[in-house]
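The values are calculated or read from the model by the stated rules, or taken from the named source; none is laboratory data. This one's a predicted model, so the numbers in the text were calculated from it and none came from an experiment. Glycine gets a Cβ as well: all are built from the backbone with ideal geometry, and neighbour counts include every protein chain shown.
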């Protein structure tokens, strides 16, 4: 089962519990696999939230049995340096500092760090060193928030 297929399986169950499935990591193979589910809600995530989602996801995976062999299930908050994986994430965190790594160079660079200015369904705009750059969403390898240290 691919990561996208796993996302389609798990996302409705997580949303029914009142959470956003912010990100999903699936690593299978070898002696054991890993399914890591990152959840979020406006008030933040605590241990009880992780336990509630873990029980529901575990039960769903037991019934659907999409993964051959053994695996570990982890449920966590996205953290302060959360990955931005959906258009909604980029829109929600406009004005924040982000690190973006592209699959292919843009203007001779693959890595950018700057202020997320805006986004739409196709591009994000990041201000880097006073210059606004439009980066295509489909060619972003990873994008993360940069935590504010006070």
Is the range 70-88 home to any residue that is in the same structural domain as residue 17 (by TED's automatic domain parsing), more than 18 Å from residue 3 (Cβ to Cβ), in contact (Cβ under 8 Å) with a residue 12 or more places away in the chain and over 14 Å from the mean Cα position of the chain (by Cα)? yes
Condition check: assigned by TED's automatic domain parsing to the domain that holds residue 9 and surrounded by 14 or more Cβ atoms within 10 Å (Cβ to Cβ). Does residue 58 satisfy that? no
What are the residue pairs meeting all of these: first residue in the range 1-22, first residue within 13 Å of residue 49 (Cα to Cα), second residue part of a loop (DSSP other than H, G, I, E, B), Cβ atoms under 7 Å, and 6 or more apart or on different chains? 18/41; 19/41; 20/41
Given (1) closer than 22 Å to residue 16 by Cβ; (2) exposed (fewer than 14 other Cβ atoms within 10 Å of the Cβ), residue 49 misses just (2)
Taking residue 67, is it within 18 Å of the chain's Cα centre (by Cα) and under 19 Å from residue 14 (Cβ atoms)? no
Being outside any strand (DSSP E or B) and at pLDDT below 90 narrows 48, 4 down to just 4
Hits in the range 23-36 (condition: free of Cβ contacts under 8 Å to residues at least 24 places away in the same chain and either surrounded by 11 or more Cβ atoms within 10 Å (Cβ to Cβ) or part of a strand (DSSP E or B) (or both)): 24, 25, 27
Is there a residue in the range 125-146 that is within 21 Å of residue 22 (Cβ to Cβ) and in contact with a helix residue (DSSP H, G or I) (Cβ under 6 Å, 6 or more places away or on another chain)? no
Testing residue 95 on (1) within 29 Å of residue 135 (Cα to Cα); (2) at pLDDT 90 or above; (3) not in a loop (DSSP other than H, G, I, E, B), one condition comes back false. Which one is that? (3)
